[in-house]
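Chemist: Structure below; questions to follow.
The values are calculated or read from the model by the stated rules, or taken from the named source; none is laboratory data. Bear in mind the structure is a predicted one, so any value in this text is a computation, not a measurement. With ideal geometry, Cβ positions are generated from the backbone for all residues, glycine too; neighbour counts draw on all protein chains shown.
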């Protein structure tokens, strides 16, 4: 590989990584005034995923329920900056009741299973989120 080809390859890889980071910016969950629950309606297609962020305090319970038209549509919950998921929807199901053990920002990642994503399937979903 010559220098020019190597630089072009590096530039392409860097731009692809920057695009991925830009697309993964989580949407902040906004609760109506005086409420601690909301419903988010959205859709996914193919290998798309979307993340929602919210703040939760130690001792609270984060309740998340996913209603979807695609049985391969799931969500995970993770604490911002932590390694690994606290809840894995494809293993534990679509309703989650997660007891919060640390104050912080929590992310809900909604996705299609890899096999469905590769087939280009889509999903319309409603994500019910409550912090109690």
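Chemist: Listed residues 73, 128; which is surrounded by 16 or more Cβ atoms within 10 Å (Cβ to Cβ) and at pLDDT 95 or above?
Modeler: 73
Chemist: Give all pairs with beta carbons closer than 9 Å in which a residue from the range 105-127 that is at positive phi meets a residue that is surrounded by fewer than 20 Cβ atoms within 10 Å (Cβ to Cβ); count only pairs at least 6 apart in sequence or on separate chains.
Modeler: 120/45; 120/46; 120/47
Chemist: Suppose we filter 93, 59, 84, 120 for residues that are loosely packed, with under 15 Cβ neighbours inside 10 Å, modelled with pLDDT under 95 and more than 21 Å from residue 27 (Cα to Cα); which single one remains?
Modeler: 93
Chemist: Tell me, please, whether a residue that is in contact with a helix residue (DSSP H, G or I) (Cβ under 9 Å, 6 or more places away or on another chain) and either over 16 Å from residue 40 (Cα atoms) or outside any strand (DSSP E or B) (or both) can be found in the range 74-97.
Modeler: No, that holds for no residue.
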